[in-house]
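K.L.:
Mind having a look at this structure? Questions to follow.
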2 protein chains.
Amino acid sequence: MTKNTKVNAAILIIGNEILSGRTQDTNTSSIALWLNSIGITVNEVRVIPDIEGTIIDTVNYLRKANDYVFTTGGIGPTHDDITAQSISRAFKLEYEIHKDAFKILEAYYEQGEFNEGRQKMVWMPRNANLILNPTSGAPGFNIENVFCLPGVPSILKSMLGGLQNKIVGGKPILSHTISLRTVESEIAKSLTDVQDNNKNLEIGSYPFFQAGKLGVSIVIRSEDQSKIDKCSKEILNFVDEKKIKIVDR
Amino acid sequence: MTKNTKVNAAILIIGNEILSGRTQDTNTSSIALWLNSIGITVNEVRVIPDIEGTIIDTVNYLRKANDYVFTTGGIGPTHDDITAQSISRAFKLEYEIHKDAFKILEAYYEQGEFNEGRQKMVWMPRNANLILNPTSGAPGFNIENVFCLPGVPSILKSMLGGLQNKIVGGKPILSHTISLRTVESEIAKSLTDVQDNNKNLEIGSYPFFQAGKLGVSIVIRSEDQSKIDKCSKEILNFVDEKKIKIVDR
């Protein structure tokens, strides 16, 4: 299930709780790490409020600009969960009871527990494909290249594995990290030279504090291991010359 | 320094390390909490890669669509730090040595330590206003309504306080949280009724897991404390009727 062209995606985090700062988003990182592992580059992430018009406009923009769009949040049972309805409008599809989702939740809950609130979670765009939820029953859904996942991080994570065969990735994006006991300014010039020697490869430089000491992680990213190896060697050369210590991180 | 109209902002996180999932962004939450406390609503957050054209286009869009824009990342000394140069191009301003920033860093570093790498950090758009950095010397900068901050969370946080008098906020956005030992579907209908009774106020419902137990936090947000109090009372009424336990969170 791989092809050679670049495959990209956008992540759309829907939720006032992230914009207010009350909740720290962790779903971006979970989805991005998973996408990278199957060869999909994340082009952009947006966080938007629970406002129907904003969701519609943003989804319609992102789904045309990217191979895939992954949304999180807004598919629960409460009044502020408006993602499924908004996605229906974005695609001009009926918002209706999804029969298979209904069957799943009817079987999931004890008799009498599948109440009105829970039934809201089976309303979806017509003909949506379900994304199964091994943690808490209520499925996510997919229409064309848009995949709608819940906002609760543990539930979201448990659903990513089941998505793998619905997505066509590219070559896995490989990376190698070299962490150094130094500061960025000490290596900036040498690193620029290495980047100039290795144009088709991404070199990132990230300062860190660890156990009270400063350090820099250099991250090399490419689809081609031999390019990473060549670049890594050039970095280790100047690290050696400058007598910089390599550290674990 | 307050006015009565709504004031809004966008946050722009610049950095491949967030898009790859390698680094978990925490700056959004820090900036958003601070903005909320001074009466500024965050309309949207975007995360974009270290690509000049993307930075220019995104900044030019966001600065017109919002009262304020806060960027993080890309103002360090290495080759992948291209925010200052990109912002200069976005505003069609010269990218040049900022004399005051030069003086600050010349004084900050020991003699001979203010090397070529570090000098890159004083290149800014012409006539930028400096944002002082009490942690590590190198200032951020501000042009019109765009404020450029570093990506390292501890440094960024230390710089927010100094920004307060450059920003005109609105009425502080107040919030009240009621955490319950229940699941969303049990309260969904009652909560919808309360929201219908309290149109000009935002009620969010957020499931959580804590110490192995499920719960829901209801967050009421408004600029008007009396509206929050009225709404809170209505929620506590149905909580009491349903014999749901209130929990600390």
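Derivation of every value follows stated rules applied to the coordinates shown; laboratory data play no part. A quick note: this is a predicted structure, and the numbers were derived from the prediction, not measured. Here the Cβ is made from the backbone with ideal geometry for all residues, glycine too, and neighbour counts use every protein chain on show.
K.L.:
Pop the C-beta distance of residue A:126 and residue B:226 into the FRET formula with R0 = 45 Å and round what comes out to the nearest 0.05.
P.N.:
0.55
K.L.:
Right, next: Among the lysines, select those whose C-alpha is under 25 Å from the C-alpha of residue B:199, and discard any that sit fewer than 8 residues away in the same chain.
P.N.:
A:120, B:3, B:6, B:171, B:189, B:227, B:230, B:233, B:242
K.L.:
Helix-only mean residue ellipticity at 222 nm, chain B, DSSP H runs n ≥ 4 weighted -39,500 (n - 2.57), per residue, nearest 500. What is it?
P.N.:
Rounded to the nearest 500, it is -10500 deg cm²/dmol.
K.L.:
Want the number for residue A:37 to residue A:208: 0.36 nm per residue separation, take away the alpha-carbon distance, what's left?
P.N.:
59.1 nm
K.L.:
I've got another one for you. Looking at the protein assembly as shown only, what percent of DSSP beta bridges run antiparallel? Nearest 5 please.
P.N.:
Once the DSSP bridges in the protein assembly as shown are tallied, antiparallel ones form about 60 percent.
K.L.:
To one decimal in nm, how far is residue A:227 from the same spot in the other copies, if labels go 7 Å from Cα toward Cβ? Please give the shortest first.
P.N.:
Inter-copy label distances (nm, one decimal, shortest first): 5.3.
K.L.:
Among A:213, B:120, A:189, which comes first, then next, by fewest other beta-carbon atoms within 10 Å?
P.N.:
A:213, A:189, B:120
K.L.:
For the stretch B:143-184, just the Cα atoms, rotate onto the principal axes and tell me the three extents in Å, largest first.
P.N.:
The Cα atoms of the stretch B:143-184 stretch 47, 28, 16 Å along the principal axes, largest first.
K.L.:
Next question, about the same structure. Over the protein assembly as shown, consider all pairs of different Cα atoms and compute the Kirkwood hydrodynamic radius from their mean reciprocal separation; express it in Å, one decimal.
P.N.:
Hydrodynamic radius (Kirkwood, Cα pairs) of the protein assembly as shown is 24.4 Å.
K.L.:
I would also like to ask the following. Set the Förster radius R0 to 25 Å, insert the Cβ-Cβ distance between residue B:99 and residue B:166 as r into 1/(1 + (r/R0)^6), and round the FRET efficiency to 0.05.
P.N.:
0.80
K.L.:
Using only atoms on other chains, find how many Cβ atoms lie within 10 Å of each Cβ of peptide B:34-47 and report the average.
P.N.:
Whole-number average of other-chain Cβ neighbours for B:34-47 is 4.
K.L.:
On a 0 to 90 degree scale, rounded to 10, what angle separates helix A:27-37 from the longest Cα axis of chain A?
P.N.:
Helix A:27-37 and the main axis of chain A meet at about 70 degrees.
K.L.:
Next question. Could you give the angle, 0 to 90 degrees to the nearest 10, between helix A:225-241's Cα long axis and the longest principal axis of the Cα atoms of chain A?
P.N.:
The angle comes out near 40 degrees.
K.L.:
Say a label goes 7 Å from Cα toward Cβ at residue A:126 in every copy; what distances in nm does this one have to the rest, shortest first?
P.N.:
Those separations, rounded to one decimal, come out as 5.9 nm.
K.L.:
In addition: At 10 °C and 1.306 mPa s, grab the translational diffusion coefficient of the stretch A:140-249 from Stokes-Einstein with a Kirkwood Rh over Cα pairs, rounded to a whole number in µm² per second.
P.N.:
Estimated via Stokes-Einstein, D reaches 96 µm²/s.
K.L.:
Can you tell me the 0 to 90 degree angle between the C-alpha axis of helix A:184-197 and the longest principal axis of chain A, rounded to 10?
P.N.:
So the helix axis and the longest Cα principal axis differ by about 90 degrees.
K.L.:
Determine, for B:194, A:59, the number of other Cβ atoms within 10 Å of each Cβ, and report the residues in order from fewest to most.
P.N.:
B:194, A:59
K.L.:
Next up: Hey, with R₀ at 60 Å, roughly what FRET efficiency would residue B:6 and residue B:111 work out to, going by the Cβ-Cβ distance, to 0.05?
P.N.:
With a Förster radius of 60 Å, E is 0.75.
K.L.:
Taking a temperature of 4 °C and a viscosity of 1.567 mPa s, what whole-number D in µm²/s does Stokes-Einstein yield for the stretch B:1-92 with Rh from Kirkwood over alpha carbon pairs?
P.N.:
My calculation gives 94 µm²/s for D.
K.L.:
Just which residue of chain A brings its Cβ nearest the axis of rotation onto chain B, and by how many angstrom, rounded whole?
P.N.:
A:46, 3
K.L.:
Over all Cα pairs of the stretch A:7-166, how is the pair count split among 5 Å bins, expressed in % and running from 0 up to the last occupied bin?
P.N.:
2, 9, 20, 23, 22, 15, 7, 2, 0, 0
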